[in-house]
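The values are calculated or read from the model by the stated rules, or taken from the named source; none is laboratory data. Being a predicted model, the structure only gives us computed values, none of them experimental. Using ideal geometry, Cβ is built from the backbone for each residue, glycine included, and neighbour counts are taken over all protein chains shown. Side chains included, ligands, DNA and RNA excluded: accessible areas come from the protein's heavy atoms. Shrake-Rupley method; radii C 1.70, N 1.55, O 1.52, S 1.80 Å.
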Amino acid sequence: MQAEKEEEEASPEEYVALCDFTASGSEQLGFSTGDKLLVHAKPSADWWWAELQGVIGYVPASYLRQDAAEDEDDTSLEDPWQDDEYFGSYGTLRLHLEMLSDRSRTETYRQVIVSNSASLRNKVVMDLGCGTGIISLFCAQLAQPSVVYAVEASSMAEHTRQLVKQNGCEEVVTVLQGRAEELELPEQADILVSEWMGNCLLFEFMVESVLLARDRWLRDGGVMWPSSAALTLVPCQADNYYSEKMAFWERPYGLDFTPLQPLAQQEFFTKPKFSHLIDPKDCLSAPCDVICLNMYTVQEMEGEFKFCVVKPGVFHGFTAWFTVQFESLEAGGATVELDTGPNSDPTHWKQTLFMLDKPIHVYGGDSIRGNIVLRRNPVWRRHMTVTLHWNINSSSDNCQVGTKSFPMWR
């Protein structure tokens, strides 16, 4: 009986693919929407070991669902925006402590308010995703707007009301709890300010809520802060990280553990490394902006790059960061910029590292061309996939081409 029970528990489960997935390494299993996969093991919450038509490999768990056909009319399914989990995380102090402790981030927003204080007089300000209300409080204390609508969807809004009263700003700041999609304001705003940026600029896609609020509540000629944004990319070395996660398995304690290296590559290099701090000396070329966003218009989330390698080194991957700009309300006033790159003071975002499956030796004068595409996950819409295509033209006439997709999820 015990043997039969163990065999039953070990039976694979059938799942249906909700969207296409392109494998980026020999250990991954690609599939198309509607494919039926057998899941043999769930070694982590993110990656499962599955089979499709006799081929086995790792698959992203968030791309699969059991009994998808039966679930189509089930309104009890989790909201694909994952609002309960997403807003729940902002209802606790952990993330707010991290953001408020980021002086570069917070002082930049204060600088924007101070440098535009005269022009903010008697204006209507909307602070979307206000959190603890720090930007709204800056507006109330450092400028003289007629009203600030501090909008927060999470339960933190209850505490924000207390903070507004505690700091004597209740006559100026009105806290509204609700999502941008459901919000009703008594009037249109002259300024829409928000700190919507995520890792690699767009992660979590709060920007979509900002754009919706823009279209609904920003008056004609109104101003958005940030007003523009750019995602920056650079090819880089990452010797320490590669040694820590991959080279370690070559001879630990004098033993050959290299059979574990494919597993290490799958586990550590398939997803991007958040909170990476790149040493400027590890940049193999000058960085370039690959995606530029004008917050008043709609853009495609993709761009091209061309790098000229300036020194010999080992090309381990790409590092990304972002900058945002705040246009001045004052005639001839200076634009304020927040830069999360390696040559600026560190922020809580730091940088994001995308590792190649295998390092490549490059030399001065080599060129690395390609493109980057950021796509929201069609199922879980706060997740996204970053796909990088690259072509290395070497002075030795060798040409190497590569493509890799990196799923990013909460």
I want the antiparallel fraction of DSSP beta bridges within the range 125-214, as a percent rounded to 5. 5
How many percent of the accessible area of the range 363-410 is carbon or sulfur, using a 1.4 Å probe? 46
On full extension of the chain, what length is gained from His389 through Asp239, given 0.36 nm per residue of separation minus the C-alpha to C-alpha distance? 51.8 nm
Grab the DSSP H runs of the chain that are 4 residues or longer, score each as -39,500 (n - 2.57), total them, divide by all residues and round the 222 nm result to the nearest 500 deg cm²/dmol. -6000 deg cm²/dmol
FRET efficiency, Lys165 to Phe274 (Cβ-Cβ, R0 30 Å, nearest 0.05): 0.25
Where nothing but the Cβ of Lys and Arg (+1) and of Asp and Glu (-1) is charged, how large is the charge dipole of the chain around its Cα centre, in debye to the nearest 20? 1720
How much net charge surrounds Glu182 when only the other residues with a Cβ under 12 Å from the Cβ of Glu182 are counted, with Lys and Arg +1 and Asp and Glu -1? -1
Describe numerically, in nm with one decimal, the distance between label points set 7 Å from Cα along Cα→Cβ at Gln188 and at Leu38. 6.1
Which order do Tyr63, Tyr58, Tyr296 take when ranked by solvent-accessible area (1.4 Å probe, heavy atoms of all protein chains), largest first? Tyr296, Tyr58, Tyr63
Yeah, the range 178-235 with a ≥ b ≥ c from its alpha-carbon gyration tensor (a/c under 1.5 is rounded, else prolate when a/b outruns b/c, oblate otherwise) is oblate
Segment Ala118-Thr335, length gained on full extension (0.36 nm per residue, minus Cα span): 76.6 nm
So, counting K/R as plus one and D/E as minus one, what does the shell of residues with Cβ under 14 Å around Ile368 add up to? +2
Using a 1.4 Å probe, how large is the accessible area of Glu98, given in Å² and rounded to the nearest 10? 80
Taking the Cα centre of the range 195-350 as origin, sum charge times position over the Cβ atoms of Lys and Arg (+1) and Asp and Glu (-1), and report the length of that vector in debye to the nearest 20. 280
Neighbour net charge for Val290 - beta-carbon separation under 9 angstrom, K R +1, D E -1: -3
Please report the antiparallel percentage of the DSSP beta bridges confined to the chain, to the nearest 5. 80
Compute the separation of the alpha-carbon centres of the range 338-363 and the range 379-410 and state it in Å as a whole number. 15
Need one word for the chain: rounded, prolate or oblate. Basis is the Cα gyration tensor (sqrt eigenvalues a ≥ b ≥ c); a/c below 1.5 gives rounded, then a/b vs b/c decides. oblate
In debye to the nearest 20, the charge dipole size for the range 159-223, taken about the Cα centre with +1 at each Lys and Arg Cβ and -1 at each Asp and Glu Cβ, equals 160
Sites Ile56 and Val373 - FRET efficiency at Förster radius 30 Å, r taken between beta-carbons, to 0.05: 0.60
Could you work out how far apart the two model spin labels at Ser328 and Asn398 are, taking each label as a point 7 Å from the Cα in the direction of the beta carbon, and quote it in nm? 5.1
So, with points 7 Å from each Cα along the Cβ direction, the Ser26-Ala286 label distance in nm works out to 4.0
Diffing the range 275-292: the Karplus 3J(HN,Hα) column from phi (6.51, -1.76, 1.60, θ = phi - 60°), in whole Hz with x for Gly and Pro, holds 6, 8, 10, 7, 6, x, 5, 8, 6, 8, 7, 6, x, 9, 6, 9, 9, 10
